[in-house]
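Down below is the structure, laid out as structure tokens.
The values are calculated or read from the model by the stated rules, or taken from the named source; none is laboratory data. Given the structure is predicted, the values throughout are model-derived calculations rather than measurements. Methodologically, a virtual Cβ is constructed for each residue, glycine included, from the backbone with ideal geometry; neighbour enumeration extends over all protein chains shown.
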Amino acid sequence: MKFEHFGLGLLKGMTVTFRHIFRHPTVNQYPYQRLNVSRRIRGNELVWDKKRCTGCATCAKACPQGAIEIVTGANPVENRYEVRTYRVDTGYCIQCGLCVESCPYDAIFMGYAYERAKYRRRDLVQENDTLLESKERPKSGYFHPEVAAGLPAQTLLVEKIVERKD
């Protein structure tokens, strides 16, 4: 083996380092600076609309993991079925969005948040009122463009750099 240019690789590496050393860093200070995610994000939660849901269980049938369980019962006063228990095990959910796409009544949405880690496995099972939309659980625009229109635009690290320079 013949070494003609000893240190050429080291020199190339140092030129890359010097070229990027004076650039503005593209690091986001996470807890204090949060980026807006995509409007159509499939977050790690589901948001359920209790008023629109008829209990047809189409979403439960479409779920490939079997993460959705629906228990319905007859309501003789209003002469219709009502949903007694709507349970989602987000530990089994793979955020594929098939339940959202299959719902004929637009009663289920993907969540917009992505910070829903839990310490205990039993906390991943959500039922009835914990699935409703709230300030902490906003709807995502996935498969619902009318919801996506009201969400903030996605920000990128490049946009954060421009904001800091101004």
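Just the residues that are under 23 Å from residue 70 (Cα atoms), assigned to a loop (DSSP other than H, G, I, E, B) and free of Cβ contacts under 8 Å to residues at least 40 places away in the same chain, please, taken from segment 121-142. Give the derivation first.
Our first condition is that a residue be under 23 Å from residue 70 (Cα atoms); within segment 121-142, this holds for 121-134, 137-140, 142.
So of that shortlist, the ones also assigned to a loop (DSSP other than H, G, I, E, B) come out as 132-134, 137-138, 140, 142.
Answer for segment 121-142, where residues must be under 23 Å from residue 70 (Cα atoms), assigned to a loop (DSSP other than H, G, I, E, B) and free of Cβ contacts under 8 Å to residues at least 40 places away in the same chain: just 134.
For segment 1-117, which fully contained helices (runs of 4 or more DSSP H) count at least 2 residues that are closer than 19 Å to residue 129 by Cα? Break it down into steps so the answer makes sense when it comes.
Values: elements: 8-20, 58-62, 98-102.
Passing ranges, in order: 58-62, 98-102.
Go through (1) modelled with pLDDT of 95 or more; (2) exposed (fewer than 12 other Cβ atoms within 10 Å of the Cβ); (3) of a type outside the set (Gly, Ala, Ser) for residue 63 and report which single condition fails.
(2)
Of the numbered conditions (1) modelled with pLDDT of 95 or more; (2) exposed (fewer than 14 other Cβ atoms within 10 Å of the Cβ); (3) not hydroxyl-bearing (Ser, Thr, Tyr), residue 69 satisfies every one except a single condition; which is it?
The number of the failed condition is (2).
The conditions are (1) touching a helix residue (DSSP H, G or I) at 6+ places or on another chain (Cβ under 6 Å); (2) touching a residue at least 60 places away in the same chain (Cβ under 8 Å), and residue 91 fails exactly one of them. Which is it?
It fails just one condition, (2).
In segment 40-56, what residues are among the hydrophobic types (A, V, I, L, M, F, W, C) and either within 20 Å of residue 95 (Cβ to Cβ) or surrounded by 18 or more Cβ atoms within 10 Å (Cβ to Cβ) (or both)?
Our first condition is that a residue be among the hydrophobic types (A, V, I, L, M, F, W, C); within segment 40-56, this holds for 41, 46-48, 53, 56.
Scanning segment 40-56 gives 41, 46, 47, 48, 53.
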